[in-house]
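Structure first, commentary second.
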Amino acid sequence: MADTVIRNATIIDGTGAQRFTGDVTIEDGHINEVGSSSGAAAVEVDATGLVLAPGFVDVHTHDDGALLQHPDMAFKISQGCTSVVVGNCGFSAIPAVHGDNTLDLSGVQANWSDLDGYRQNVENSGPALNAMMLVGHNTIRSMEMGTERRAPTDRELERMQQHVELAMEQGACGFSTGLIYRPGRWADTEEVLELAKIVAPFDGIYATHMRNENDYLLEAVDEALEIGAKAGVAVQISHHKAAGKRNWGKVEESLAKVDAAVAEGAKVTLDVYPYTAGSGPMVQYFDIDNPNPELAQAIQLASCPAFRHYEGRMLVDIAAELGITAPEAVRHILTAPDGKKTICIQHVMDEGDIVSNLRHDRVMIGSDGIPDLTGRPHPRLFGTFPRVLGRYVREQGILDLESAVRRMTSLSCDVHGLSGRGRITEGNWADLVLFDPDVVVDVASYEDPKRESLGIRNVWVNGDLAFDNGVHTQVGSGKVLRYREH
Ligand code: ZN
Ligand code: CU
């Protein structure tokens, strides 16, 4: 007898194929039957009028530490996500020094040094969903070179290469950079290329938060494509965007560059989050001695340990209240004790560029959410996937449901090596989401960002029910996956 049968569902299988009505059975963590099932099961679910899809994969996350701090992963499970890719933007929980704080964005204390150790820790904590690792350049560079603003010596480069190689051997899907951030920005193309090359024998990917996402976006795309071509690896362009009003619309040109490279044989894919604001560590976006006044105008505070009462407010309003300029307010915040831990939100993008990204069939969905739950995080942490399905599919008709689901599932799994997932097909892992297509939508906002989305009914992870009509079951059956292992 099957463990679960989901009857009479509208099945969107993740491949982009047309929906059909049918039953799906789950047995021993896997999808056992797809079509019509007459047999009984321990649990029966009537899915009439609901869509059953493969569980969504958040390909761009900073959840490395969250898997340990918040193993219920409520902010992701409630969106229908069953897997996350961690270690993005060059910041990963591995490698780490046992007993020290990690060099990812969470700064949790590490009881591990490598991916095998991290996997053991995370799986012991019983995470609600699965994770796939990227090994981050900022992390390995900090570890081997500290804050040095120079090229590595041969010995340093070799050590960094060893970190990448070990991570790949232990099941990472690739190498990530954050070339806008310190210390990644001190690396030239050559250094990144020499590290990306290590990924090639594993057929892994190079995921990049590019060197520039505003005035030099197109040049940054050229650099990413050059690294991919010379290293012989697939390129994943992270959170594709054009920041700053004078650059709005450039996303089309950038996508045209990608299309041209793909036509020549390059492997290139991208991800996007459906919001016109970004978010990240504030200290990374400003020169403390000379804060950019234009950017300062667009800043909202997400998490601000030094001044909790600033959270959720625009920097210009705080500045006005204090009787200082916005750049002075930047300095006031960043130089306070713990000021460097501030996470900000930057309102700098254009709706039209989001639409261009969502229309492109090589663009996946990735939240880029920063799981600091103490303040008012960017609403993308709680809302990304339902927002695409509700706002852009149902309300605006920018893309159809089948293609949206494909770019949250099969495409994401193929590129990031989540084998046996991302498609509703017999023998695959039973990572599934059941949702109401007429209701699904995000409700997290910049004002009230920690609200779980509407319309997501059930989520199964490795065959176990992780989310049941708004209730997090705490079953904790997620795993840290190995690249291309079923
Ligand atoms: Zn990034
Ligand atoms: Cu990121």
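Points to keep in mind about this one:
- Selection within region 236-267: residues that are among the charged types (D, E, K, R) and assigned to a helix (DSSP H, G or I). The member of this set that is surrounded by the fewest Cβ atoms within 10 Å (Cβ to Cβ) is Arg246.
- Applying the criterion of being out of contact with any Ser or Thr (no Cβ under 7 Å at 6 or more places or on another chain) and within 16 Å of ligand 2 (Cβ to nearest atom) to the residues of region 284-305, the residue that is nearest to Lys245 (Cα to Cα) is Tyr285.
Residues checked against (1) surrounded by fewer than 24 Cβ atoms within 10 Å (Cβ to Cβ); (2) at pLDDT 95 or above; (3) of a type outside the set (Ser, Thr, Tyr); (4) within 29 Å of Asn124 (Cα to Cα):
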| site | (1), (2), (3), (4) |
| --- | --- |
| Ile398 | yes, yes, yes, no |
| Arg406 | no, yes, yes, no |
| Thr409 | no, yes, no, yes |
| Ala430 | no, yes, yes, yes |
| Ala444 | no, yes, yes, no |
| Arg451 | yes, yes, yes, yes |
| Trp460 | no, yes, yes, yes |
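- Apart from one condition, Lys76 fits all of (1) at pLDDT 95 or above; (2) crowded, with 24+ Cβ neighbours inside 10 Å; (3) assigned to a loop (DSSP other than H, G, I, E, B); the exception is (3).
- Annotation for region 331-344: at least one member residue is within 16 Å of ligand 1 (Cβ to nearest atom) and modelled with pLDDT of 95 or more.
- Looking only at residues of region 51-73 that are in contact with a helix residue (DSSP H, G or I) (Cβ under 7 Å, 6 or more places away or on another chain) and assigned to a helix (DSSP H, G or I), we find that the one that is nearest to ligand 1 (Cβ to nearest atom) is Leu67.
- Within region 55-90, the set of residues being within 18 Å of Pro274 (Cβ to Cβ) and of a type in the set (A, V, I, L, M) comprises Val57, Val59, Val84, Val85.
- Options Ala224, Ala242, Ala234, Ala207: the member that is in contact (Cβ under 8 Å) with a residue 60 or more places away in the chain and within 16 Å of ligand 2 (Cβ to nearest atom): Ala207
- Tyr206 fulfils the conditions (1) away from ligand 1 (no atom under 15 Å from the Cβ); (2) in a strand (DSSP E or B); (3) hydroxyl-bearing (Ser, Thr, Tyr) except for a single criterion, (1).
- Hey, Ile198 hydrophobic (A, V, I, L, M, F, W, C), surrounded by 19 or more Cβ atoms within 10 Å (Cβ to Cβ) and under 19 Å from the mean Cα position of the chain (by Cα) or not: no
- Subset of region 288-339 (residues that are part of a loop (DSSP other than H, G, I, E, B) and buried (at least 16 other Cβ atoms within 10 Å of the Cβ)): Pro291, Ala298, Cys304, Pro305, Ala306, Phe307, Glu311, Gly312, Arg313
- Residues satisfying the stated conditions in region 89-105, i.e. surrounded by fewer than 22 Cβ atoms within 10 Å (Cβ to Cβ) and within 16 Å of ligand 1 (Cβ to nearest atom): none
- Residue match in region 109-131 (condition: within 16 Å of ligand 2 (Cβ to nearest atom) and assigned to a strand (DSSP E or B)): yes
- Taking region 14-28 as the range and being crowded, with 16+ Cβ neighbours inside 10 Å and either among the hydroxyl-bearing types (Ser, Thr, Tyr) or assigned to a loop (DSSP other than H, G, I, E, B) (or both) as the test, the residues that pass are Gly14, Thr15, Gly16, Arg19, Thr25.
- Under the condition of being among the hydrophobic types (A, V, I, L, M, F, W, C) and touching a residue at least 40 places away in the same chain (Cβ under 8 Å), the residues counted in region 187-204 number 4.
Each row is one residue, and each column tells you yes or no for (1) in a helix (DSSP H, G or I); (2) in contact with a Leu (Cβ under 8 Å, 6 or more places away or on another chain).
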{"position": "Ile345", "(1), (2)": "no, yes"}
{"position": "Asn357", "(1), (2)": "yes, yes"}
{"position": "Gly369", "(1), (2)": "no, yes"}
{"position": "Phe382", "(1), (2)": "yes, no"}
{"position": "Arg391", "(1), (2)": "yes, no"}
{"position": "Leu399", "(1), (2)": "no, yes"}
{"position": "Cys413", "(1), (2)": "yes, no"}
{"position": "Leu418", "(1), (2)": "no, yes"}
{"position": "Ile424", "(1), (2)": "no, yes"}
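- Top-ranked residue in region 75-102 [being of a type in the set (A, V, I, L, M) and without any contact (Cβ under 8 Å) to a residue 60 or more places away in the chain; ranked as farthest from ligand 2 (Cβ to nearest atom)]: Val97
- Selection from region 8-64 of residues that are on the phi < 0 side of the Ramachandran plot and acidic (Asp, Glu): Asp13, Asp23, Glu27, Glu33, Glu44, Asp46, Asp58, Asp63, Asp64
- In region 144-171, the residues that are surrounded by fewer than 18 Cβ atoms within 10 Å (Cβ to Cβ) reach residues that are not in a helix (DSSP H, G or I) with C-beta atoms within less than 8 angstrom, at least six apart or across chains, in these pairs: Gly146/Pro183; Thr147/Arg182; Thr147/Pro183; Glu148/Pro183; Arg149/Pro183; Ala151/Ala187; Ala151/Asp188.
- Region 144-182, residues that are away from ligand 2 (no atom under 16 Å from the Cβ), under 18 Å from Ala207 (Cβ atoms) and part of a loop (DSSP other than H, G, I, E, B): Gln170, Gly171, Ala172
- Exactly one residue out of Asn111, Asn138, Asn121 is more than 30 Å from Pro437 (Cβ to Cβ), surrounded by 24 or more Cβ atoms within 10 Å (Cβ to Cβ) and touching a residue at least 12 places away in the same chain (Cβ under 8 Å), and it is Asn138.
- Qualifying residue in region 278-286 (condition: part of a loop (DSSP other than H, G, I, E, B) and under 23 Å from Ile354 (Cβ atoms)): no
- Among the candidates Gly55, Gly87, Gly65, the residue that is farther than 30 Å from Gly184 by Cα and modelled with pLDDT of 95 or more is uniquely Gly55.
The values are calculated or read from the model by the stated rules, or taken from the named source; none is laboratory data. Keep in mind that this is a model prediction, so the values were computed, not measured. All Cβ positions, even for glycine, are placed from backbone atoms using ideal geometry, and neighbour counts span all protein chains on display.
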